[in-house]
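Undergrad: Here's a structure for you.
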Amino acid sequence: MEKPTQSVTSARQPFLFPVRLSGWTVVVMAIALLVATPVLFILGNIFVDAGDVWKHLASTVLWRYITNSFWLMMGVGCGVLVIGVGTAWLVTMCGFPGSRLFEWVLLLPLAAPAYVLAYSYTDFLEFSGPIQTTLRNVFGWGYGDYWFPNVRSLWGAIAMLTLVLYPYVYLLARVAFLEQSVCTLEASRSLGCSPWRSFVTVALPLARPAIMAGLSLALMETLNDFGTVQYFGVETFTTGIYRTWFGLGERVAAAQLAAFLLLFVLWLILLERWSRRRARYYQSVASQRRLPSYRLIGIRSVGAWLACFLPLGLGFLLPASILLEMTLKNATIALDSRFWSFARHSFILAVVTSVLGVAIALIMAYGLRLRSNAGMRFAARLASMGYAVPGSVIAVGILIPIGQLDNTIDASMRTIFGLSTGLLLSGTITALVYAYLVRFLAVSFSTVEASLGKIKPTLDDAARSLGYSSSETLVKVHTPIMRGGLLTAGMLVFVDVMKELPATMIVRPFNFDTLAVRVYNLASDERLAEASGSALAIVLVGIIPVILLSWQIARSRQTQNLPS
């Protein structure tokens, strides 16, 4: 009986592998090249002569861009480490009133973009805001009688970005603490280590890879920020790229600034890799047992509660309350007809991008599943690097080559047919969706790949035995099973597109603004009341992935509490 089986297998292999899989390989390679084109184009402009404009930038503002970006990264990095790691340890290893609730509500600041917080706190802390007005009424002060910190500064930008980005570190650090071996922690206690010493010498080193990964994500988002630093008057690379492109009209110089910013991002990636070097962190099989907790009482309990409530209150509850109050008081102007028009634009872009992003991610993940060789893995990593690249860099890397392509097509059509095609791709929704896909494909790909990885390979073998081709197996077998993962991937891309500002500002078609652009334009004109409705809508949409993450955290807690 074995001999016929072997002959059938050998007869099928030449037909399936060289023909079917080579097609998937070509498709995945083509997607990777298309997604990586903007980044490669930016890197190719580093040594292009930009003329006197670059010399002018280098002698006037370049050093300011570098120093402000550096201090912004340092401040946000320290802030997210302290808040993210500290709160993760408290809710994971300590028992105090509200600790179970804080496990998931500490993720809520992730729903609000930093530029929304910047606009909210500016209205709250300005001279005519409630804080300074109350101080003047209570103490009888007048203008110039007292000092009050200026939120529209570098340190204000650091505070805003820290409050919305610490959940990156919190989430990964908490997962790392949950997965740590109970035996290791119990051994540290038996050796006389205090809770603080166990945290510093045992738990923190074991969680370092996860913490560094969260820190890298937070710093990449810091470099990507445009709305906050622009509104607060902090000159960074993102504001410099926008100013050089639209203010000076110098595309090559803008591309070179984008290349400098990209070098910052590459430095962050290399730093994260170097921090781990050859270190390996292994856990024993006892990691699934429930972690022993430290019960906090008295002043320690109050301190732990405040340490968790302050970032939540300042990062979500207070700005959301400010936006809600402003929207209700100014509903007629905050939710006017233009608001619904911009909301429709944002919805269309988000839906189109999420559908295309999930479809492309599914093709890439399945191609990698069929042929997981070095070339395919490199292509997948290449296509996923867009999330590490700031939106302003991607925008510049898209508009310049697309403009050159449009000009080439127009010149050819004039020469051959005497017709002018104009700009076919530049300033269109197609270019904007392309920018979104380059930026957020990694989000959908990682989710789809994880979902596809849960399907056993034996299911593919069973589908082949029934005569299904690779494409039919993907469409008729895997896709229905992965429905939940595909919806999750699409939802994550949808929310990211709704909040994206830098790429939208540069690539968007004329007279096609989104909610994010509306908030930025109105806030720049100090029309915060009119911007409140759009800002609140963005926050409400951003809560969706937070709810999903919270549900996953609740499930992890239930799994942890199961008896071993």
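Undergrad: Failed condition for Val438, given (1) assigned to a helix (DSSP H, G or I); (2) over 19 Å from the mean Cα position of the chain (by Cα), with all others met?
TA: (2)
Undergrad: Sticking with this one: Take the conditions touching a helix residue (DSSP H, G or I) at 6+ places or on another chain (Cβ under 8 Å), over 30 Å from Arg527 (Cβ atoms) and either surrounded by fewer than 21 Cβ atoms within 10 Å (Cβ to Cβ) or touching a residue at least 12 places away in the same chain (Cβ under 8 Å) (or both) and apply them to Ile363. Does it pass? Even if it seems obvious, please write down each step before you answer.
TA: Details: touching a helix residue (DSSP H, G or I) at 6+ places or on another chain (Cβ under 8 Å): yes; over 30 Å from Arg527 (Cβ atoms): yes; either surrounded by fewer than 21 Cβ atoms within 10 Å (Cβ to Cβ) or touching a residue at least 12 places away in the same chain (Cβ under 8 Å) (or both): yes.
Here the answer is yes, as Ile363 does meet what is asked.
Undergrad: From (1) under 28 Å from Ala334 (Cβ atoms); (2) assigned to a helix (DSSP H, G or I), pick out the condition that doesn't hold for Phe510.
TA: In the conditions (1) under 28 Å from Ala334 (Cβ atoms); (2) assigned to a helix (DSSP H, G or I), Phe510 misses (2) alone.
Undergrad: Something else: For the subset of region 148-163 comprising residues that are among the hydrophobic types (A, V, I, L, M, F, W, C) and part of a helix (DSSP H, G or I), which member is nearest to Thr67 (Cα to Cα)?
TA: First, the residues of region 148-163 that are among the hydrophobic types (A, V, I, L, M, F, W, C): 148, 151, 154-155, 157-161, 163.
Narrowing the set further to residues that are part of a helix (DSSP H, G or I) leaves 154-155, 157-161, 163.
On the way: Leu154: 11, Trp155: 13, Ala157: 14, Ile158: 14, Ala159: 17, Met160: 19, Leu161: 17, Leu163: 22 Å.
Within region 148-163, the match that is nearest to Thr67 (Cα to Cα) is Leu154.
Undergrad: Additional query: If we scan region 468-483, do we find a residue that is open to solvent by less than 70 Å² (accessible area, probe 1.4 Å), over 28 Å from Val546 (Cβ atoms), β-branched (Val, Ile, Thr) and part of a helix (DSSP H, G or I)?
TA: The answer is yes, given that some residue of region 468-483 is open to solvent by less than 70 Å² (accessible area, probe 1.4 Å), over 28 Å from Val546 (Cβ atoms), β-branched (Val, Ile, Thr) and part of a helix (DSSP H, G or I).
Undergrad: Out of all the residues in region 447-458, which are in a helix (DSSP H, G or I) and either under 18 Å from Ile363 (Cα atoms) or modelled with pLDDT under 80 (or both)? Walk me through how you get there before you give the answer.
TA: Step one: filter region 447-458 for residues in a helix (DSSP H, G or I), giving 447-453, 457-458.
Answer for region 447-458, where residues must be in a helix (DSSP H, G or I) and either under 18 Å from Ile363 (Cα atoms) or modelled with pLDDT under 80 (or both): Thr447, Val448, Glu449, Ala450, Ser451, Leu452, Gly453, Pro457.
Undergrad: Regarding region 207-221, can at least one residue be identified that is β-branched (Val, Ile, Thr), closer than 24 Å to Phe41 by Cβ and at pLDDT 75 or above? Talk me through it step by step, then tell me what you get.
TA: Here is the first cut: in region 207-221, the residues β-branched (Val, Ile, Thr) are 211.
Those still in the list that are closer than 24 Å to Phe41 by Cβ too: none.
Within region 207-221 (the criterion being β-branched (Val, Ile, Thr), closer than 24 Å to Phe41 by Cβ and at pLDDT 75 or above), the answer is no, since none of the residues qualifies.
Undergrad: Which pairs turn up if I take residues in region 121-141 that are over 24 Å from Arg527 (Cα atoms) and look for partners that are assigned to a loop (DSSP other than H, G, I, E, B) and open to solvent by less than 60 Å² (accessible area, probe 1.4 Å) with beta carbon separation below 9 Å, at least 6 apart in sequence or on another chain?
TA: That search, which allows pairs on different chains as well, returns Leu135/Tyr146; Leu135/Phe148; Arg136/Gly142; Arg136/Tyr146; Phe139/Tyr146.
Undergrad: Could you pull out the residue among Ala320, Ala259 that is open to solvent by less than 30 Å² (accessible area, probe 1.4 Å), at pLDDT 85 or above and under 21 Å from the mean Cα position of the chain (by Cα)? It would help to see each step written out before you state the result.
TA: Numbers: Ala259 fails: at pLDDT 85 or above.
None of the others qualify; the one that does is Ala320.
Undergrad: Scan region 513-542 residue by residue and report those that are part of a helix (DSSP H, G or I) and among the acidic types (Asp, Glu).
TA: We begin by selecting, within region 513-542, every residue part of a helix (DSSP H, G or I); these are 515-524, 528-542.
Result: Glu530, single match.
The values are calculated or read from the model by the stated rules, or taken from the named source; none is laboratory data. These numbers come from a predicted model, not from an experiment. Note: ideal-geometry Cβ built from the backbone for every residue, glycine included; neighbour counts use all protein chains shown. Accessible surface areas use protein heavy atoms only, side chains included; no ligands, DNA or RNA. Shrake-Rupley method; radii C 1.70, N 1.55, O 1.52, S 1.80 Å.
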